[in-house]
Ligand SMILES: NC(=O)c1ccc[n+]([C@@H]2O[C@H](COP(=O)([O-])OP(=O)(O)OC[C@H]3O[C@@H](n4cnc5c(N)ncnc54)[C@H](O)[C@@H]3O)[C@@H](O)[C@H]2O)c1
């Protein structure tokens with residue numbers, strides 16, 4: 001199939017392109033160069049609707065990953081976040097419509113749920129986002145569903161839960177802790193460390209995406225790994241142990257961090273039964289194994 005991947009130069013996009021390139025015709029669309037040599041790349045901004053429309057001609061599937069991400073950017077620049085994640089998604093959908101693209105796979109996020117009432121979180125639970133990013137992603141989802149209904153474009157919406165792995169920016173907790181631990185530098189936990197998370201290795205995330213190429217039409221899926229939930233404090237201790245680190249673990253009050261307590265989600269674990277049943281998705285990488293892939 002001819003597949004275009006927006007944000008293909010990013011963390012998930014690079015790993016996804018590597019997985020798919022041997023079996024499909026891949027084009028990476030991004031505003032920064034691709035890290036993969038043998039895959040086609042076109043420099044393109046999500047907000048350049050004319051160029052998007054031109055480059056998407058003849059594609060079967062668009063995997064839409066490009067977005068404003070990260071707490072610092074999305075909290076400090078709400079309008080940029082909303083514009084890129086909502087208008088950018090609408091531009092992609094409009095280009096899909098014009099070019100008769102058959103399916104869009106949209107990267108959403110666990111952030112759309114906000115502070116969940118039930119754990120584990122099911123796709124049918126009510127979205128209650130509490131961040132600019134969460135609001136932008138749930139709006140993107142609604143646009144995808146609206147275009148699908150009006151213009152018969154198939155979709156899969158994937159709500160990723162805490163992806164991690166080699167190549168992820170150090171501004172994300174897993175990479176930050178691992179590299180601090182290796183350097184025996186102080187590991188700083190934001191808040192009391194009781195935030196509960198289920199981390200999912202990048203290879204399981206991209207496998208989940210690839211399953212949607214021929215399954216899961218017009219459905220929303222949680223994509224994550226619910227087998228080993230950990231608190232952030234437990235994560236820091238586990239990483240110290242695996243890396244044989246002498247790092248000290250300290251705690252920083254939320255008031256002194258980029259993410260204030262009011263926008264920090266305390267419990268986040270996915271129910272992945274739907275993805276298991278419909279896609280045959282099953283995460284395989286254990287937390288211990290996954291942590292080692294970051295530095296080995
Ligand atoms: N990594 C996670 O844990 C996680 C969790 C939930 C959802 N997601 C979603 O998955 C997607 C990919 O995330 P990631 O971790 O690979 O992020 P990333 O930041 O590594 O990659 C995003 C890519 O989008 C590109 N991009 C940004 N603005 C652009 C623009 N205006 N035009 C064109 N390209 C632009 C960036 O250059 C980057 O290469 C995002 O939509 C993100 O919201 C990721």
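Values computed for the structure shown
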quantity: Test: residue in the stretch 144-164 that is out of contact with any strand residue (DSSP E or B) (no Cβ under 7 Å at 6 or more places or on another chain) and within 20 Å of residue 205 (Cα to Cα); calculated: no
quantity: Any hit, the stretch 217-229, residues being surrounded by fewer than 20 Cβ atoms within 10 Å (Cβ to Cβ) and either more than 22 Å from the chain's Cα centre (by Cα) or assigned to a helix (DSSP H, G or I) (or both); calculated: no
quantity: Qualifying residue in the stretch 194-213 (condition: free of Cβ contacts under 8 Å to residues at least 60 places away in the same chain and in a loop (DSSP other than H, G, I, E, B)); calculated: no
quantity: Among residues of the stretch 95-118, those that are surrounded by fewer than 21 Cβ atoms within 10 Å (Cβ to Cβ) and either free of Cβ contacts under 8 Å to residues at least 12 places away in the same chain or away from the ligand (no atom under 16 Å from the Cβ) (or both), counted; calculated: 8
quantity: Residue list for the stretch 16-50, filter: more than 10 Å from the ligand (Cβ to nearest atom) and out of contact with any strand residue (DSSP E or B) (no Cβ under 8 Å at 6 or more places or on another chain); calculated: 18, 19, 21, 22, 23, 37, 38, 49, 50
quantity: Test result for residue 272, at pLDDT below 95, out of contact with any helix residue (DSSP H, G or I) (no Cβ under 7 Å at 6 or more places or on another chain) and surrounded by 14 or more Cβ atoms within 10 Å (Cβ to Cβ); calculated: no
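The values are calculated or read from the model by the stated rules, or taken from the named source; none is laboratory data. Everything numeric here is computed off the predicted structure, so don't read it as measured data. Neighbour counts run over all protein chains shown; Cβ positions are idealised from the backbone, glycine included.
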